[in-house]
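Contents: one structure, followed by commentary.
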Amino acid sequence: MAENNKKPAPGVLWAGRLEEKPEAEAFAFQASISVDSRLARDDIRGSRAHAAMLGEQGIIPRDTAAKLDAELERIAAELESGTLTVDAGAEDIHSFIEGILTERLGDAGRVVHAGRSRNDQVALDFRLYLKRTVPELMTELTETIIALLDKAEKHTESLMPGYTHLQRAQPVTLGHHLVAWCAGLVRDRSRFADALQRLDECPLGSGALAGSSLPLDREATAKALGFARPTLNSMDSVADRDFALELSAVCAITMTHLSRFCEDVVIWASEEFKFINLAESWSTGSSIMPQKKNPDFAELIRGKSARTTGNLVTLLTLLKGLPYAYDKDLQEDKESLFDSLDTVRSCLRMFRGMMASAAFNTERMEAACVGGFLEATDAAEYLVRKGLPFRKAHEVAALVVRDCVAAGQTRIADRTLTELKTRSELFGEDLYDVITPAACVAARKLPGGPAPDEVDRQIRVLRECFPDNVNI
Ligand code: ARG
């Protein structure tokens with residue numbers, strides 16, 4: 001930094017101790033306002049509860065508490081309406097709000113931080129923010145699940161190949177495949193709910209790390225802020241970020257799900273598969289190849305899952321090796337989790353829009369069930385029902401498949417009964433009825449299976465997780 005670049009740092013909360021302030025670039029380096037300004041509402045909520053409690057406890061005069069409350073409410077309204085904007089040059093959102101309060105109220109503003117540190121304040125703001133935004137993400141998940149279930153419901157009879165090793169394996173239905181996706185998303189939603197429950201404890205009153213000698217009422221602030229209870233231990237309150245880690249992991253898992261679904265979509269949209277026709281408005285063209293219609297949204301969602309995986313690793317790495325209690329390293333926690341939460345939100349919205357507008361080429365999907373001997377397992381199970389041990393039946397069916405291949409035939413049904421009987425006397429006319437793709441699917445009616453009635457039941461079970469949305 002050039003000598004003549006030295007500018008006094010803006011006003012800071014810790015100016016009393018240190019005469020020398022960092023230069024502007026260094027000050028900006030350690031500031032977090034660009035990231036934590038989104039906590040403004042939460043910071044004000046926390047300060048209002050804290051000030052009210054200070055008044056109740058007689059730590060500050062009641063009329064001062066009332067003044068603080070009114071001013072904080074005004075600041076919140078001004079920020080909301082845009083008449084007040086966050087100063088990008090402030091150190092962080094906590095200093096900014098306290099600075100405005102003091103500018104407007106003088107000494108009355110200076111009392112609000114009694115018994116509080118930015119360490120418990122930021123832990124509180126972060127939790128309050130998550131308590132109000134994670135339920136919004138859960139709603140995005142619910143709507144995505146419902147949209148997929150609606151699609152699945154229309155396709156419980158739409159036959160398609162199910163794959164293992166990306167090789168055609170056994171016939172399933174599109175409905176069965178879509179419900180498989182939904183089952184994962186339903187678990188993701190419950191993971192979010194679970195993490196929310198665990199973070200529902202109020203760190204306010206933990207101070208820098210060791211609480212306060214002032215007679216704070218931690219129960220009262222926890223209750224006023226809608227927490228289940230205050231946190232148990234003041235060091236844990238300011239040091240740990242396992243709640244952020246947990247949510248980051250849920251974001252990474254959710255995005256891993258979306259990434260895999262999108263990989264299916266990219267494959268289905270290829271010329272080779274042509275199972276899905278993405279709406280034009282959910283596709284993009286090429287700048288050079290005039291014929292192209294690319295599944296960019298699916299690819300980008302798949303790509304963005306890299307961020308959430310990276311963010312999870314960032315947080316794990318950030319926390320590993322941090323001595324108790326607070327360390328400034330922790331300031332890096334929010335950017336990482338905010339990015340994951342934002343990514344999950346936008347990807348769910350995009351995925352939902354892309355899928356809701358997509359059309360499936362059901363004829364092509366059904367046609368793909370023929371030709372890859374997807375009925376071979378059913379032929380083997382036919383023999384099992386006739387009394388042949390499964391390992392033997394498997395071998396017979398495999399030999400039949402080899403016979404077909406040698407004869408240039410694409411289906412077991414292409415062989416005559418006489419030909420089949422050379423491999424097993426147990427084959428009869430009734431075999432032909434159980435090896436069509438529709439018959440294979442209909443026969444798999446065990447719980448979890450692809451039979452249309454069973455998939456209808458699976459859809460009902462999942463819909464029951466969202467009683468409010470059942471009729472959407
Ligand atoms: N901006 C800080 C953070 O996000 C607030 C806490 C600062 N505390 C401190 N002792 N410097 O962690």
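The values are calculated or read from the model by the stated rules, or taken from the named source; none is laboratory data. What you see is a predicted model, and the numbers here were worked out from it, not measured in a lab. Reconstructed Cβ throughout: ideal geometry from the backbone, glycine too, with neighbour counts over all protein chains shown. Each accessible area value is taken on the protein alone, full model and side chains, heavy atoms only, with ligands, DNA and RNA left out. Shrake-Rupley method; radii C 1.70, N 1.55, O 1.52, S 1.80 Å.
Can you confirm whether region 28-48 contains a residue that is away from the ligand (no atom under 16 Å from the Cβ), of a type in the set (Gly, Ala, Ser) and modelled with pLDDT of 95 or more? Taking every residue of region 28-48 in turn, none turns out to be away from the ligand (no atom under 16 Å from the Cβ), of a type in the set (Gly, Ala, Ser) and modelled with pLDDT of 95 or more. A Cβ distance below 6 Å, combined with a sequence gap of six or more or placement on separate chains, defines the contacts here; from region 427-439, residues that are over 21 Å from Val172 (Cβ atoms) and of a type in the set (Phe, Trp, Tyr) reach residues that are loosely packed, with under 15 Cβ neighbours inside 10 Å and at pLDDT 95 or above in the pairs Phe427/Lys421. Take Arg110 and decide whether it is modelled with pLDDT under 95 and over 24 Å from Glu366 (Cβ atoms). For Arg110, the condition - modelled with pLDDT under 95 and over 24 Å from Glu366 (Cβ atoms) - is met. Let me confirm something: among Leu300, Leu312, Leu316, which residue is over 30 Å from Lys274 (Cβ atoms) and either touching a strand residue (DSSP E or B) at 6+ places or on another chain (Cβ under 8 Å) or surrounded by fewer than 19 Cβ atoms within 10 Å (Cβ to Cβ) (or both)? It is Leu316. Within region 118-128, being open to solvent by less than 20 Å² (accessible area, probe 1.4 Å) and over 13 Å from Ile44 (Cα atoms) holds for Asp120, Ala123, Arg127. Kindly indicate whether any position in region 392-400 is at pLDDT 95 or above, within 16 Å of the ligand (Cβ to nearest atom) and open to solvent by less than 60 Å² (accessible area, probe 1.4 Å). Checked against the condition, which is being at pLDDT 95 or above, within 16 Å of the ligand (Cβ to nearest atom) and open to solvent by less than 60 Å² (accessible area, probe 1.4 Å), region 392-400 yields no hits at all. Only helices (runs of 4 or more DSSP H) whose full extent lies in region 21-104 are considered here, and the ones with at least 2 residues that are acidic (Asp, Glu) are 40-56, 62-81.
Okay, residues lined up against (1) within 16 Å of Tyr382 (Cα to Cα); (2) open to solvent by 90 Å² or more (accessible area, probe 1.4 Å); (3) modelled with pLDDT under 95:
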residue	(1), (2), (3)
Pro447	no, yes, no
Arg457	no, yes, no
Leu462	no, no, no
Val470	no, no, yes
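When region 322-334 is limited to residues that are more than 11 Å from Ala244 (Cβ to Cβ) and of a type outside the set (Ser, Thr, Tyr), the one that is nearest to the ligand (Cβ to nearest atom) turns out to be Gln331.
The condition (being over 30 Å from Asp414 (Cα atoms), assigned to a helix (DSSP H, G or I) and acidic (Asp, Glu)) is satisfied by just one residue among Asp339, Asp378: Asp339. If the condition is being more than 16 Å from the ligand (Cβ to nearest atom) and not in a helix (DSSP H, G or I), then region 113-141 contributes only Ala114. All of (1) in a helix (DSSP H, G or I); (2) touching a helix residue (DSSP H, G or I) at 6+ places or on another chain (Cβ under 9 Å); (3) among the hydrophobic types (A, V, I, L, M, F, W, C); (4) more than 28 Å from Arg132 (Cβ to Cβ) hold for Leu214 with one exception: (1).
What are the residues in region 346-385 that are surrounded by 17 or more Cβ atoms within 10 Å (Cβ to Cβ) and touching an Asp or Glu at 6+ places or on another chain (Cβ under 7 Å), if any? Leu348, Arg352, listed by residue number.
Scanning region 134-147 for residues that are crowded, with 17+ Cβ neighbours inside 10 Å and polar (S, T, N, Q) gives Thr142, Thr144.
Of all residues in region 319-337, those being closer than 23 Å to His257 by Cα and surrounded by fewer than 20 Cβ atoms within 10 Å (Cβ to Cβ) number 1.
Of the residues Arg104, Arg191, the single one that is more than 26 Å from the chain's Cα centre (by Cα) and surrounded by fewer than 20 Cβ atoms within 10 Å (Cβ to Cβ) is Arg104. The set of residues in region 416-436 being in a helix (DSSP H, G or I) and open to solvent by less than 30 Å² (accessible area, probe 1.4 Å) consists of Leu420, Leu431. Might you let me know whether region 286-293 holds any residue that is open to solvent by less than 50 Å² (accessible area, probe 1.4 Å) and modelled with pLDDT under 95? The answer is yes, given that some residue of region 286-293 is open to solvent by less than 50 Å² (accessible area, probe 1.4 Å) and modelled with pLDDT under 95.
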